[in-house]
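Take a look at the structure below.
FYI, it's all coordinate maths here, none of it is from the lab. These figures come from a predicted structure and were not determined experimentally. In this analysis, Cβ positions are derived from the backbone assuming ideal geometry, glycine residues included, and neighbour counts consider all displayed protein chains.
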Amino acid sequence: MGRSKNDIEFGQYINGPTSDYNVQYQFSIGTGPRLVRGTTLKALFSRYADILWEPGFHKYNVTAFIAELDALLGGIEFSTFTDQMVDDLIGALRNRGNSNATINRKMAALSKLLRKACKMGEVHNLPEFRRQKERAGRIRFLEPEEEARLFAAIADKSAHYANLCVFLVDTGARIGEATRLRWGDIVNGRATFWITKSGRSRSVPLTKRAKEAVDAEDRRRSGPFSDIDQPQFRAAWNKSKHEIGLGDDADVVPHVLRHTCASRLVRGGVDMRRIQTWLGHQTLAMTMRYAHLSPYDLDMCVPVLEDAAKPKAEDS
């Protein structure tokens, strides 16, 4: 519902998110008061999901997030979304055993949806979203032997999927970035990802085997991996990892290929700023999660300290 500059709003939310009393009036000079009808998270998502999220695995997750949050709210209608409602949702998620990282992802989806609804005049305030402190978790990456066995198992099912895996591990690209890649985005041995999670395009040079993986693909498609169906790819991935004995490792998901690319760059001595640019991280802090993988990064400090501790020769 649109609002003019002459609109004056006031509303009331009583007794927390389980209350049935949620009233919002809007006054317009010359027309008098009119009731602003409430809405639900489910209704907002049905209206704006296709605008806010592109098809793919992330949208699939967001759909589940919003459905869960709507259920926790009891499917109530609202025209204001209060800080207390956010706090209650965070508390409920934590009681369900959600980690802070998982809570942050769910709250990020909620925040994005409410910002759109507020802009469209359907929600008349935005609560404060405070990011929960996340612990630095273990980063899983594939050793060369694990990669070889996994890729071989995937290749037995689909050479197309195997080529995608090679491309992902040698570019550090996200699956969505790879599937949106078009033939015109690959020039002089470099791939340019125009649509990224950070909103910033980036170009990376291709390794020899990444070039071979791309060259093996059908140019009648709009891009080398443009026809990849992510759920089907993930199903083949999961079946393959079970076949090679990694079925119980919950961290061996397709995103592990991006971690593997980062870990190899770090362990190879590439500086963090270059790795940040390669991966397209918005901040250096995101890249620094991999810093501990550089085993010799601090070795240069030892001779400096030893030299500094030596007695200085007296001037003759």
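Results, tabulated for the structure shown:
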quantity: FRET efficiency estimate (nearest 0.05) - Cβ-Cβ, residue 242 to residue 159, R0 30 angstrom; calculated: 0.90
quantity: Burial ordering of 218, 227, fewest other beta-carbon atoms within 10 Å first; calculated: 218, 227
quantity: Cα gyration tensor, the stretch 144-293 - rounded (a/c under 1.5), prolate or oblate; calculated: oblate
quantity: Members of 157/208; 42/241; 106/208 lying beyond 28 Å, as alpha-carbon distances in this model show; calculated: 42/241; 106/208
quantity: Per-pair calculated FRET efficiency, R0 = 51 Å: residue 304 and residue 108 via Cβ, rounded to 0.05; calculated: 0.75
quantity: Net length gained if the chain between residue 118 and residue 88 were fully extended (0.36 nm per residue, minus Cα distance); calculated: 8.7 nm
quantity: Pairwise label distance in nanometres, residue 77 with residue 291, each label 7 Å out on the Cα-Cβ vector; calculated: 5.3 nm
quantity: Residue 96-residue 255 pseudo-label distance in nm [points 7 Å out on the Cα-to-Cβ vector]; calculated: 1.8 nm
quantity: Residue-span extension gain [residue 201 to residue 283] - 0.36 nm each, minus C-alpha spacing; calculated: 28.0 nm
quantity: Sorted by Cβ neighbour density within 10 Å, fewest at the top, the residues 164, 73; calculated: 73, 164
quantity: Candidate aspartates and glutamates - alpha carbon under 16 Å from residue 211, same-chain residues fewer than 8 apart omitted; calculated: 170, 185
quantity: Contour excess over end-to-end distance, with Cα ends at residue 49 and residue 190 and 0.36 nm allotted per residue; calculated: 47.4 nm
quantity: Neighbour-count ranking [beta-carbon atoms within 10 angstrom, fewest first] of 129, 81; calculated: 129, 81
